[in-house]
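Inspection log for the structure reproduced underneath, given as structure tokens.
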């Protein structure tokens, strides 16, 4: 990173301030990156578990395959309430629960398999929605982790070394300038002393 700066005390103070901000932020960013990586791993395991449950439910669902054509239109899913959940400072979409209502029906006039079919259908729909939201969360958290990792790398490998180098260069310049000034003063002083000496 080509850092632009001037060789003066104001620039030195500004660079020190910028360096301090980045040095304080770096451990926080590293902690956030670690926490996000952990959350992504947890979510990946959750998604894997949901997919396994979905496979098991599909097997159960297939038991009723012959009957689905005559399944009555009695199951109604209530509207989903999508919330924002804060995960390590990142907002991800989240649902508390999936609710269903059953339309009025007479259990005496329906086939005996209907209650089990309703439960299988509820479970399948819930799992599909949970998987969909887990995938959305994973996508958001993965993007946030990637962005945080980039910022950590930017601070650690580019900006902090550039600020440190600039500070060293300005300090050397100012020291050299001060030394030259002192040397010039000594020379002027000697000349003045020599001029004042009687010949």
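The values are calculated or read from the model by the stated rules, or taken from the named source; none is laboratory data. In this text, all values refer to a predicted model and were calculated from it rather than measured experimentally. Cβ placement follows ideal geometry from the backbone for every residue including glycine, while neighbour counts extend to all protein chains displayed.
Here is the figure for the stretch 67-95: residues that are modelled with pLDDT under 85 and assigned to a loop (DSSP other than H, G, I, E, B) total 5.
Take the stretch 1-22 and flag every residue that is over 22 Å from residue 176 (Cβ atoms) and loosely packed, with under 15 Cβ neighbours inside 10 Å.
The first filter runs over the stretch 1-22 and keeps only residues over 22 Å from residue 176 (Cβ atoms), leaving 1-2, 17-18, 20-22.
Those that are over 22 Å from residue 176 (Cβ atoms) and loosely packed, with under 15 Cβ neighbours inside 10 Å: 1, 2, 17, 20, 21.
Taking the criterion of being surrounded by fewer than 15 Cβ atoms within 10 Å (Cβ to Cβ) and more than 12 Å from residue 145 (Cβ to Cβ), the residues of the stretch 26-35 that qualify are 27, 28, 31.
Among the listed residues 131, 105, identify the single one that is surrounded by 11 or more Cβ atoms within 10 Å (Cβ to Cβ) and either modelled with pLDDT of 90 or more or closer than 30 Å to residue 44 by Cβ (or both). Lay out the reasoning, then the answer.
Numbers: 105 fails: either modelled with pLDDT of 90 or more or closer than 30 Å to residue 44 by Cβ (or both).
Among 131, 105, only 131 is surrounded by 11 or more Cβ atoms within 10 Å (Cβ to Cβ) and either modelled with pLDDT of 90 or more or closer than 30 Å to residue 44 by Cβ (or both).
Just one of the listed residues (179, 192) is farther than 22 Å from residue 13 by Cα and loosely packed, with under 13 Cβ neighbours inside 10 Å, and it is 192.
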